1. Given the conditions (1) more than 18 Å from Leu18 (Cβ to Cβ); (2) modelled with pLDDT of 95 or more, which single one is not true for Gly157?
2. Within segment 207-232, restricting attention to residues that are within 15 Å of the ligand (Cβ to nearest atom), at pLDDT 95 or above and outside any strand (DSSP E or B), which residue is surrounded by the fewest Cβ atoms within 10 Å (Cβ to Cβ)?
3. Scan (1) within 15 Å of the ligand (Cβ to nearest atom); (2) assigned to a helix (DSSP H, G or I); (3) surrounded by fewer than 19 Cβ atoms within 10 Å (Cβ to Cβ) for the single condition Glu138 breaks and write down its number.
4. Take the residues in segment 172-206 that are out of contact with any strand residue (DSSP E or B) (no Cβ under 7 Å at 6 or more places or on another chain) and among the acidic types (Asp, Glu), then tell me which one is nearest to the ligand (Cβ to nearest atom).
5. Quickly run through segment 237-284 and pick out the residues that are more than 16 Å from the ligand (Cβ to nearest atom) and among the polar types (S, T, N, Q).
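The values are calculated or read from the model by the stated rules, or taken from the named source; none is laboratory data. No experiment lies behind these values; they were computed from the predicted model shown. All Cβ positions, even for glycine, are placed from backbone atoms using ideal geometry, and neighbour counts span all protein chains on display.
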Amino acid sequence: MKTLSPGATIGILGGGQLGRMLAMAASRLGFSCIILDPDRNCPAGKIARAMICADYDDETALAALSAECDVITYEFENVPAHAVAFLQAAGSALAPPPKALEISQDRLREKNFLQDIGIATAPYQPVENEARLRTAIENLGLPALLKTRRLGYDGKGQAIIKNQNDITNGWKAMQSAPAILEGFIDFALEISVITVRGADGNSKTYHPARNIHKGGILRRSIVPSGADAPIITEARTIAMKIANALDYIGVLGIEFFVGKDDSLMVNEFAPRVHNSGHWTVEACGISQFENHIRAIAGWPLGDTARHSNCEMENLIGEDAANWQALTAEQGALLTLYGKRHQRSGRKMGHVTRLKPL
Ligand code: AMP
């Protein structure tokens, strides 16, 4: 990975709020960004140097991005394999490494990878049809969660199986897509660790956040998490172990379940900046976004220590209509993503409230 000089151009696949906050961090360091996204009005396109409006597998668009950019990164994990292969063949530098994308795009591969490197996960079995689902239920017991292997996010592509009557409808919900069945974990807490690994192989982690989900969507991230010190240390160690095993460059978000018996399991990881790390903008000297840009530019990583405790709240759907009250609230730090259309379930912005350390 070559070291980029200020003035270099960074390509970002995906122009949502994560791409927007990456582009803001990049511009602060003197880089410019080009966004590739099918939506001309995407949040990141509005603030980047340029935007290429095209599908992710459009070869003309990918060739233009490759020609203009010194490094290409992404803000979502479902980048089509074809786009990655095309950019690699065109000689583009890609970070994080495509291997991390390939693994995280498939829940079965992801869980196999974690088990292979000795990291605990929920018990799981692959499911290709209803008969296999019945066998998997015999093996894992109920309740259990059925999830599509690919293209699930924010709780989409998932069905809970509580009893035998849920089996047929649960399998129908997968729409014949290959799936995995996971044992249902009655966890005490969900936490996440944002890790950054530099081109020199050194990694750092941010303090774990406690995450509160509703309807499969992240609502709040709270720092500190309330987990005991040994759990925090173990989660940070596991996060760096995953980054090392992937030979990773950039920010990696890792979600954990903390069991009632203080056990730790990895639920999943995202090879990108992460919603549960937005608080790092306001509560740390160097945010996850800046550290991602530093890592992919081959620069030294910034300090991940926090100067404040905090709580980050996602503004979902009509929550964002409250912007006037939020800007009037003492100590509330508001970020809006510039999305023109508000839809229920759509992340429109977030607010971070700092608290003394
Ligand atoms: P995921 O798409 O895998 O991140 O799942 C979304 C949310 O569903 C997680 O953040 C958890 O709150 C819940 N969840 C996922 N997998 C499990 C599991 N095996 N046991 C209990 N809850 C789960």
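1. The single condition Gly157 does not satisfy is (2).
2. Ranking the candidates gives Ser225 first.
3. Failing condition for Glu138: (1).
4. Step by step, filter segment 172-206, then rank; the result is Asp186.
5. Within segment 237-284, Thr237, Asn244, Thr280 meet the criteria.
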